Amino acid sequence: MLSTPITYALRVFTRLYPTQKPLVFSGVGSTQKLANLMVAAGQSKPLLITDNFLLTSGMLDETIAHLKEKGCDVVVFDDIAPNPTFQHVEKAIEATKQNSCDSIFAIGGGSVIDVAKVVAAAVTNDKSLHKLTGLLKVKTPPLPLYITPTTSGTGSEVTNAAVISDTETHKKKFFVDPQYLPIAASLDPDLLKSLPAHITAAVGMDALTHAIEAFTSKVNSAEVDRDASLAIKLLFDHLPKACANGNDLDARETVAQASFLAGYSFSKSSLGYVHAISHQISAHYDTPHGLANAVILPRVLEFNKVASEKRLAQLERMLSGNNTASNTKELAENFIGRVNLLSRTIGIPASLTELDQADFKKITKDALAEARASYAVPKVMRRKDVEAILTSVSNGHLELSFA
Ligand SMILES: [Fe+2]
């Protein structure tokens, strides 16, 4: 099959600007190790960007005390909202400059990490945020950036992008550059164990979506195949355990590792229609990103079933351990059944009842535009395909047939 222009462009981009994996510490105590690295690297005045809940919960006390013991003057910035705006970023830039901070340490979820990435770049590049939006706008290396994610799903600690809301235009602005990657990250189960089960489930399904969309993308490689398939295996094995018992530190750590690998995989390849549709749904109804992905995922897999049959069969062979099964159609169907079963097991609903049919036209148009501009999908959707998926997401019926 001939490459579409977006597939070709993504192949060129990923070859010219390969995403690097940051150094990663994993396990209980890994955040202290990350702090030790910061000190060893010469950082003496980090701006710690976090959210108010984490700060007041006492979960960060040990890390802050550890940095102080090592001689660091830690400046804390916790004015972050779930959908951070340019104003949040501006305030954090001001705090960095006023306090002459020499580095950025982000401890938090996707919003905190997105703000931290943009602050680190904005301080050294001395450009307005509007001039930093878009692709490859970071000319001067950012301040040293260190990240500890407190949710496992976005993979933000290993992606080269950040998203900030522009309140003037009411649009999400993307910042994409390999320089947004941190120097190092820690995957610390002690900071993940308080995440409620329903959020663990939704963000975990976001990670699974990243891995599956990367694995079935038209821009793949041996590295993406290896990392994405490992992420998928780890999530199937450990996400139900992390949801059932938040204090299962082994499951928490493994899900965090899977999220990291999934994030790295989609940075090297591409996302697909699950994200193209879910972004529009979240923009219309404020539906959490992971939840929207989780509900849409089996429908898009059904659409891709024929085009991605061999790839989905490969995943099913890996998960079932049956390497000799040869009926790829049946294997692909079994894989989709497995995704549905995982969703039910961890409490993902079958539908999103907030959807309003009156919005379907606009959601469809914007989803198709996003996919056309950004993703190397295995098979191109038409309007009626997206509308059929939206109807199914709205009424909870999983039976879909695509011509
Ligand atoms: Fe995502």
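The values are calculated or read from the model by the stated rules, or taken from the named source; none is laboratory data. Since this is a predicted model, take the numbers as computed values, not measurements. Positions of Cβ are generated from backbone atoms using ideal geometry, with glycine treated the same way; all protein chains shown enter the neighbour counts. Side chains are part of the model used for accessible areas, which takes the heavy atoms of the whole protein and leaves out ligands, DNA and RNA. Shrake-Rupley method; radii C 1.70, N 1.55, O 1.52, S 1.80 Å.
Here are a few things to note about the model shown:
- Protein accessible area in the chain, 1.4 Å probe - carbon and sulfur %: 54 percent
- Binning the C-alpha pair distances of the range 94-171 at 10 Å intervals from 0 yields a P(r) profile of 17, 51, 30, 2 %, listed from the shortest bin outward.
- In terms of overall dimensions, the C-alpha atoms belonging to the range 256-363 reach 47, 28, 27 Å along their principal axes, ordered largest to smallest.
- From largest to smallest, the equivalent ellipsoid semi-axes obtained for the range 197-395 from the alpha-carbon gyration tensor read 25, 20, 16 Å.
- Distance distribution note for the range 5-191: the fraction of Cα pairs above 23 angstrom is 38%.
- Counting charges near L145 (Lys, Arg +1; Asp, Glu -1) among other residues having Cβ under 15 Å from its Cβ returns a value of -1.
- Debye log10 I(q)/I(0) for the range 237-299, one point scatterer per Cα, at q = 0.12, 0.13, 0.23 Å⁻¹: -0.39, -0.46, -1.01
- Ellipsoid equivalent to the range 95-253 - semi-axes via the Cα gyration tensor, in Å: 29, 19, 14
- Ratio of Rg to Rh over the range 14-78 (Cα coordinates, Kirkwood Rh, two decimals): 1.06
- With protein chains left intact and a 1.4 Å probe, residues in the chain average 42 Å² of accessible area per residue.
- The alpha-carbon atoms of the range 161-217, seen along their principal axes, cover 36, 30, 27 angstrom, with the largest extent given first.
- Rounded D (µm²/s) - the chain, Kirkwood Rh over Cα pairs, Stokes-Einstein at 25 °C, 0.890 mPa s: 114 µm²/s
- Charge context of P189, other residues only, Cβ under 15 angstrom, K/R +1, D/E -1: -3
- Applying 0.36 nm per residue to the separation of R383 and S221 and subtracting their alpha-carbon distance, the gain on full extension is 55.3 nm.
- In sequence order, calculated HN-Hα J values of the range 115-120 (Karplus, 6.51, -1.76, 1.60; Hz; x Gly/Pro): 4, 4, 4, 6, 4, 4
- HN-Hα J in Hz across the range 93-109 - Karplus 6.51, -1.76, 1.60, θ = phi - 60°, x for Gly and Pro: 5, 4, 4, 5, 5, 4, 9, 6, 5, 9, 6, 10, 10, 9, 10, x, x
- Counted over the chain, the DSSP beta bridges are approximately 20% antiparallel.
- For N245, net neighbour charge (Lys/Arg +1, Asp/Glu -1) across residues whose Cβ lies under 11 Å away: +1
- Debye-sum result for the range 348-397 in log10 I(q)/I(0), which assumes one identical scatterer on each alpha carbon, at q = 0.22, 0.29 Å⁻¹: -0.82, -1.08
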